[in-house]
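Notes follow the structure.
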Amino acid sequence: MSKLDAKIPEGQLETKWTKFKSSVPLVNPANKRSLEIIIVGSGLAGSAAAASLAELGYKVKVFCFQDSPRRAHSIAAQGGINAAKNYQNDGDSVYRLFYDTIKGGDYRAREANVHRLAEVSGNIIDQCVAQGVPFAREYGGLLSNRSFGGTQVQRTFYAAGQTGQQLLLGAYSSLERQIGMGAVQMFSRHEMLDIVNVDGVCRGIIARDLVTGKLERHFGHAVLLCSGGYGNVFYLSTNAMGSNVTAAWKAHKQGAFFGNPCYTQIHPTCIPVSGDHQSKLTLMSESLRNDGRIWVPKQKDDQRKPIDIPEEERDYYLERRYPAFGNLVPRDVASRAAKERCDAGYGVGSSKMAVYLDFTFNMDRYGKIEVTKHNIHNADAATIRKLGKEVVKEKYGNLFDMYKQITGEDPYEMPMRIYPAVHYTMGGLWVDYNLMTTVPGLYALGEANFSDHGANRLGASALMQGLADGYFVIPYTIGSYLSNEIRTKAISTDHEAFVVAENKVKESINKLLTINGTKSVDHFHKRLGKIMWDKCGMARNEKGLKEAIEEIKSLRTEFWKDVRVTGTADEFNPELEKAGRVADFIELGELMCVDALTRNESCGGHFREEYQTEEGEALRDDVNFAFVSAWEYKGEGNFELHKEELKYENIKIAARSYK
Amino acid sequence: MSGNMNLTLKVWRQKNTKTNGELVDYKVNEISPDMSFLEMFDVLNEKLITEGKDPIAFDHDCREGICGMCSMHINGRPHGPLQGVTTCQLHMRSFKDGDTIVVEPWRAQAFPVIKDLAVNRSAFDRIIAAGGYVSINTGNAQDANNLPISKDNADEAFAAAACIGCGACVAACKNASAMLFVSAKVSQLSLLPQGQPEKQSRVINMVAQMDAEGFGSCTNTGACEAECPKGISLSNIARMNREFIGAELGSEKY
Ligand SMILES: Cc1cc2nc3c(=O)[nH]c(=O)nc-3n(C[C@H](O)[C@H](O)[C@H](O)COP(=O)(O)OP(=O)(O)OC[C@H]3O[C@@H](n4cnc5c(N)ncnc54)[C@H](O)[C@@H]3O)c2cc1C
Ligand code: SF4
Ligand code: FES
């Protein structure tokens, strides 16, 4: 039945990757110079791959839609990056990182991929430090670590609250070095609008120069999609405004299977929506849950200010429900618990869709430690609080400032109001062990692929995965394909396949511009987001999903009849860019609902209300659903399911418990 | 949730690099103080689209002050009236009902206008490509903790590395100098042991590229530091000048 071959190497889990590396066919340096690789995306995955492949001697072209490769959304990652270095001597190991990631993913990821990820994690830190990435350090001059949810060791490396920025600037500097040397050709402000297949093999792309509007054809012996996640299908998310699914979706429509589209990560601590004008949501790092306690009033619709509500009238619901992990339960669990309280009517703030994240308890605790440290006798409550505030400021100052800037409230005085928001997509293009999609020659790296995180991603592991894919995996795995390509001459972009592909893109652009309807692109995007959030968000059920599929179908029809896209095709036209992206989001939204409807279980970020325990915990079904869903596109609104069975040979599958 | 502020905007409209631009007046009503400055522009654009007019083009992406894409010159100041804040993190509560707000693109010869408020900043990328890196190929690195770095140096390098490449420093400078941007990268790498082997060639090549791009010279007025949303310090410029002189003399000592 299945057309899927994950190409996982034979042998012991621990030796698969090493053996693979020493037996993969190589391409000699002279041949590399005539092999061309196209990379779509310049985030961690794309920049790292581009620099590494150019260093090896391949001819590389990189595309991104921002004005500079340095602005890819990886730049916004705050908290940190995991690596099994065991610098803290706290018992970490490659196996432990592997185990935590599989368990955190609710046993829905591939063992061999995750083990490889854990194996190369240490090299990533070495590479970044060598580039000059200024990670946080201890006074002794060595690297510092912090801890993140779902683990019991300290393995997260960080650069204040700007880890993604520093890692990306490191990868970007390596990329710019190759650009300077002429080994990489960079195409900023370019958007890939389709892939070009010749005889069933991916041979290039069609891209639009976003400044002039001109369509361009580019040939490559291989094409790497490193185009990021699709969280913006929900309209509101922590993703950047331009983050989109277009590259992956166009590839999907040309034969690349889409893996686990319904696995979405809703992050528990984000600044809540403040009004209809809202264009995006802002994350408050997971690290805050180390020192913040989450609560709602015990009384419904309590109008008092949080500081006036006495201790015994507060419900610290995470500590109540999950005494073992308390405020540090994994993201999916924390998010659902917040939703449960708000749906039951205990939410706070003007919208009633928020809970408190309160630092006073720990501010006082730190204050007391400071008082002891400084031998202050008979300190009053105000002094203790003041000293404690200083400690919290040192740890989270930039996040507190950001919160204040956005909400106008001072979190040192008032608890933060937070609510879950869409943050990350575990789903993406299905890839084999080599990171190749089901279209030969077409690869997917970073958040754009489905691999490694199963049904729920642990904090600080996306940066790790993006860089692992780019620096350490693809330079090897692409060899097994390109070593057979050395005789393939560059295909002329006058080839019919390129002409046809370009015409198709041109037609769809013209169609968007000539509908000349009455409603803006954003109007449709917002409506799609609402359907997705209400019916395919934190909790899903059969009835809602079926309704959502119908609503999305009619939204699609309406979009293609009534959208108004201003301007022309041959100019800088951000509305046109948005329109194309929203058109693709609408189609993806339908597939996400179809996938969620098919998966009759709850696991990780996918919670089906019908499948829960009496206490409201997720109920996984390992007998019937221990597989990856890989969807094949069969024409508009028509998708065929292929299953990749997940075999656990090294880890014993068990129910997750955080009680 | 609509609000109660009514504002007049004077916005720079320019069709493309080749045409001339002009300030055009717009009214926006019922603006909420909780909106960000860019969300206020979203409201205006939505209105323009419904009226069948061309919406205003402006650069933005992350909308959380880190990607460096947003770039509006607001009432004569890059990123507007607040210090240490990018355009996307500026909120309407910083304005009053009835205000008139003038919004223009970055102005610099090296940053040509693409359309309306969007400019071309690729000169910055070319400066980095000229030397803003450590020449280390993937796979060549030693174990990270084999290279202890004092916390003070690491922190100072981090402070310089926090630059988001927005170009506000150039827009703030009467000579459109890029010294603050360039010196931030030079400083980051020269404060770290990894940056030492290429210390001299780096500063010479990056400065040469900066000049070739048509950025003006630095006259130490400090407008760049005052407008930089990430608090990049003028001391970086001093450090770069020392390095440059040292490198030109071909000496390690300065
Ligand atoms: C606010 C926030 C905080 C986060 N914090 C953390 C953290 O602390 N730790 C962690 O591990 N993870 C974190 N993550 C997740 C992590 O940052 C991302 O998953 C990761 O950076 C994605 O990298 P990427 O290279 O796959 O894609 P991106 O960095 O998103 O890059 C996508 C690239 O593709 C290009 N592109 C897209 N479509 C096209 C197209 N059609 N044509 C041309 N170019 C295109 C874009 O221009 C861009 O260059 C965070 C995410 C967010 C949103
Ligand atoms: S130095 Fe400051 S103002 Fe200049 S580009 Fe960097 S962050 Fe922007
Ligand atoms: S939009 Fe990214 S910094 Fe403003």
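The values are calculated or read from the model by the stated rules, or taken from the named source; none is laboratory data. This structure is a prediction, so every number in the text was calculated from the model and none was measured. Here Cβ is always computed from backbone atoms with ideal geometry, including for glycine, and neighbour counts include all displayed protein chains. For the accessible areas, the whole protein counts, side chains as well, though only heavy atoms, and no ligand, DNA or RNA atoms are used. Shrake-Rupley method; radii C 1.70, N 1.55, O 1.52, S 1.80 Å.
A few notes on this one:
- Note that segment A:377-454, at 20 °C in a medium of 1.002 mPa s, gets a Stokes-Einstein diffusion coefficient of 127 µm²/s from its Kirkwood radius over C-alpha pairs.
- Counting lysine pairs in segment B:5-115 whose alpha carbons fall under 16 angstrom apart, excluding pairs fewer than 8 residues apart on the same chain, gives 11.
- Amide H contacts of A:L224: A:I38, A:I39, A:V40, A:Y443, each under 5 Å away and 5 or more positions distant or on a separate chain (H built 1.01 Å from N in the peptide plane; Pro and chain starts excluded).
- Between helix B:151-161 and chain B: long-axis angle, C-alpha atoms, 0 to 90°, nearest 10: 40
- Against the compact-protein benchmark of 2.2 N^0.38 Å, the Cα-based radius of gyration of segment B:77-153 scales to 1.79.
- Between the listed residues A:T212, B:G195, A:P415, the Cα displaced farthest toward the positive end of the dipole of the protein assembly as shown, a dipole computed from Cβ unit charges relative to the Cα centre, is found at B:G195.
- Solvent-accessible surface of protein heavy atoms, probed at 1.4 angstrom with all chains present, puts A:V623, A:V153 in the order A:V623, A:V153, largest first.
- Looking at segment A:518-605, the pairs of alpha carbons with a distance over 18 Å make up 46% of the total.
- Stokes-Einstein D (µm²/s) once Rh is taken as the Kirkwood radius of chain B over alpha-carbon pairs, at 10 °C in 1.306 mPa s: 80
- Of the residues B:G21, B:P33, B:I74, the one whose Cα sits farthest toward the positive end of the charge dipole of segment B:5-115, with +1 on the Cβ of Lys and Arg and -1 on the Cβ of Asp and Glu, is B:G21.
- Based on the convex hull around the alpha carbon atoms, segment A:267-421 presents an average projected area of 9.6 nm².
- Working note: 222 nm ellipticity from helices only, DSSP H runs with n ≥ 4, each -39,500 (n - 2.57), summed and divided by the residues of chain A, gives -11500 deg cm²/dmol to the nearest 500.
- Using a probe of 1.4 Å on the protein chains alone, the accessible area found for A:I37 is around 0 Å².
- Per residue, the Cα convex hull of segment B:5-115 amounts to 104 Å³.
- Under 15 Å from the Cα of A:K3 - aspartates and glutamates, other chains or at least 8 residues apart: A:D432, A:E632, A:E640, A:E644, A:E645
- A Förster radius of 22 Å, combined with the Cβ-Cβ distance separating B:L249 from B:N175, puts the computed FRET efficiency at roughly 0.30.
- Taken over the Cα atoms of segment A:476-555, the convex hull encloses 207 Å³ per residue.
- For A:K298, the lysines whose Cα falls under 24 Å of its own Cα, not counting residues fewer than eight places away in the same chain, are A:K339, A:K352, A:K659.
- Mean-position separation - Cα centroids, segment B:86-115 and segment A:166-181, in angstrom: 30
- Note on A:A382 and A:T518: with the Förster distance fixed at 45 Å, the Cβ-Cβ geometry gives a FRET efficiency of about 0.15.
- Summing +1 for each Lys or Arg and -1 for each Asp or Glu among the other residues whose beta-carbon sits under 11 angstrom from that of A:E55 gives +2.
- Segment A:143-271: radius of gyration and largest Cα-Cα distance (Dmax), Å: 18.4, 53
- Taking the DSSP beta bridges with both ends in chain A, the antiparallel portion is around 70 percent.
- Mean projected area in nm² (Cα convex hull; one quarter of hull surface) for chain A: 29.4
- Surrounding net charge for A:G345, when Lys and Arg each add one and Asp and Glu each subtract one, Cβ distance under 9 Å: +1
- Rolling a 1.4 Å probe across all protein chains gives A:E575 an accessible area of roughly 10 Å².
- Entry note, chain B: the mean residue ellipticity at 222 nm calculated from DSSP H runs of n ≥ 4, each adding -39500 (n - 2.57), is -9500 deg cm²/dmol after division by the residues and rounding to the nearest 500.
- B:T19 sits with roughly 60 Å² accessible to a 1.4 Å probe, with DNA, RNA and ligands left out of the calculation.
- Distance between the 7 Å Cα→Cβ label points at A:E14 and A:K368: 4.6 nm.
- The listed residues A:Y316, A:Y139, once ranked by accessible area (1.4 Å probe) with the largest placed first, stand as A:Y139, A:Y316.
- With eigenvalues of the C-alpha gyration tensor scaled by 5 and rooted, segment A:1-130, Å: 27, 22, 17
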